[in-house]
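Here the structure is laid out as structure tokens; the discussion comes afterwards.
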Amino acid sequence: MTNARKPAGPGGDLQIGRRDALLAGLGTGVGAGLGMVGPHAALAYDGSSSRGIVPAGGAVSQTATLQQAVNDAAANGEPLFLPAGTYKTGTLTLPAGTHVHGVPGRTILKSDGVPILVMEDADNVRLSGLVLDGGGAPLGDDGALMTATGATGLDVSACRFLNSGGGGVTLRKTSGRVSNCTFGNITSAALFSEDAAGLEISSNHIHDCGDNGILVWRSEKGDDGTLVTDNRIERIAAKSGGSGQNGNGVNVFRAGSVLVTQNRISDCAYSAIRSNAGSNCQMVANSCSRLGEVALYAEFGFEGALIANNIVDTAATGISVTNFNEGGRLAVVQGNIVRNLFFRKTGEARGSGIAVEADTTVTANVVEGAPAYGIIVGWGEYMRDVTVTANVVRKSHIGIGVAASAGAGAALITDNLIDGAQDGAIRAMKGPTPVGPDLALESAESYPNLAVYSNVVR
């Protein structure tokens, strides 16, 4: 492919190739040693300029050279192209209008022991085809390979964030998108967003993180609207410990109206998706496997959760919609497949397929292989206005358990098929203890808060 043509004076023009431009800088003394070339700059396929930069192979720091090139290109409204190679660098500050792109997988910015890219109140920054390699060096409290605060129209694509001694990317009060990127070997979280202003996180590959994959948080409860779609997330540990704040593929905290859909999430120490106090969260059409605790979790002070059309294979609990005592309420759990649950007793006992508490409909789900309950409705007095209809529950200890303690609200359980329950298809529960007969086979008249009929037991 040829590059742009430049006039060579009357009667003709001169075509400058990338190789010619790079070779023109050889032998320019100290400038060449610092990664600078002569009067011509290499041109990328789209006509953007390298502004005379060549990689120094990580032998010397190129921070000053890179920063000057970034500033000049942004001031002139030009994209900056970084040829393939390794550039050792300290922290680079990206002004508004910065557009830097490289050769995907081959243009490497190697950290000099500090965060690599920082931007603040910068509009329309675009980054593509870059590798940010932290080299495993500690980045301090809340440090990340890239941070943006108050950025609007941010576009990060086809980049790689690797070997961070802190986080991968940290965004605060930022709008835009992060897409088609890879995050790997990250000490804390791959991507942390706080107080997003219109953000899309899509089609990324996130693997081998110490604490979390994607965090969508707000400093105070409120609408957020971040889209988390089509990501592949795997091998997320919980090295900083805790009882659920770490070890999650996607963690939503105080952020409302977040859509988490069509992600493939596996091998997380705790949850595939955990929403804490995030109202109107949607978890739709995700494929989740090998989770250490609750796979899909809506907890604490939320109002509104839609958990639909997901697959959960192998977890301590499949789906939990809980904490009515903290204001957690209002949900639809529909069309999910939950299978291969295992019993875990670390803190709260686990081993159920679906657990719900208040103002919730549970319908058209399939649960198979739960060592505790296929479906558990309420706990003690914490149950109100739940319907459980048209579900298939197979091979559980108790098919459906429902709270019957004094103070528990109403529940409707009808048109379910329950096969192979070892200790009853439908049982009234007083806390963790089943009481009375199997309500799928005998009348529930003794429990005025329950309506149980038209269920099929095998």
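The values are calculated or read from the model by the stated rules, or taken from the named source; none is laboratory data. Please read these numbers as outputs of a predicted model, since none were measured by experiment. Glycine also receives a Cβ, built like all others from the backbone with ideal geometry; neighbour counts cover every protein chain displayed. Calculation scope for accessible area: heavy atoms of the full protein, side chains included, ligands and nucleic acids excluded. Shrake-Rupley method; radii C 1.70, N 1.55, O 1.52, S 1.80 Å.
Inspect all residues belonging to the stretch 275-298 and state whether any of them is within 22 Å of THR187 (Cβ to Cβ), more than 15 Å from the chain's Cα centre (by Cα) and without any contact (Cβ under 8 Å) to a residue 12 or more places away in the chain. Taking every residue of the stretch 275-298 in turn, none turns out to be within 22 Å of THR187 (Cβ to Cβ), more than 15 Å from the chain's Cα centre (by Cα) and without any contact (Cβ under 8 Å) to a residue 12 or more places away in the chain. The residue list LEU171, LEU199, LEU259 contains one member that is open to solvent by 10 Å² or more (accessible area, probe 1.4 Å) and among the aliphatic types (A, V, I, L, M), which is LEU259.
Among the residues of this structure, ALA440 does not count as one that is open to solvent by 10 Å² or more (accessible area, probe 1.4 Å), touching a strand residue (DSSP E or B) at 6+ places or on another chain (Cβ under 7 Å), within 18 Å of THR317 (Cα to Cα) and not in a strand (DSSP E or B).
All conditions in (1) at pLDDT below 95; (2) open to solvent by less than 40 Å² (accessible area, probe 1.4 Å); (3) over 25 Å from LEU330 (Cα atoms) hold for GLY242, with the sole exception of (2).
The rows are residues; the columns are (1) in a helix (DSSP H, G or I); (2) polar (S, T, N, Q); (3) closer than 25 Å to VAL169 by Cα; (4) modelled with pLDDT of 50 or more.
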| site | (1), (2), (3), (4) |
| --- | --- |
| LEU22 | yes, no, no, no |
| GLY31 | yes, no, no, no |
| GLY47 | no, no, no, yes |
| ALA59 | no, no, no, yes |
| GLN67 | yes, yes, yes, yes |
| VAL70 | yes, no, yes, yes |
| ALA74 | yes, no, yes, yes |
| THR86 | no, yes, yes, yes |
| ALA96 | no, no, yes, yes |
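When the stretch 377-403 is examined, which residues are found to be surrounded by fewer than 24 Cβ atoms within 10 Å (Cβ to Cβ), in a strand (DSSP E or B) and either charged (D, E, K, R) or at pLDDT 95 or above (or both)? TYR382, ARG384, ASP385, THR387, THR389, VAL392, ARG394, LYS395, HIS397, listed by residue number.
Filtering the stretch 143-156 to residues that are in a strand (DSSP E or B) and surrounded by 19 or more Cβ atoms within 10 Å (Cβ to Cβ) leaves ALA144, LEU145, MET146, THR147, ALA148, LEU154, VAL156.
Could you tell me whether SER320 is part of a loop (DSSP other than H, G, I, E, B), in contact with a Leu (Cβ under 8 Å, 6 or more places away or on another chain), within 27 Å of ALA237 (Cβ to Cβ) and open to solvent by less than 40 Å² (accessible area, probe 1.4 Å)? The answer is no for SER320. Candidates in the stretch 115-136 are the residues that are of a type in the set (Gly, Ala, Ser) and crowded, with 16+ Cβ neighbours inside 10 Å; of these, the one that is farthest from PRO104 (Cα to Cα) is ALA122. For GLY184, state whether it is touching a strand residue (DSSP E or B) at 6+ places or on another chain (Cβ under 6 Å), over 17 Å from ASN251 (Cβ atoms) and open to solvent by 10 Å² or more (accessible area, probe 1.4 Å). Judged against the criteria, GLY184 is not a match.
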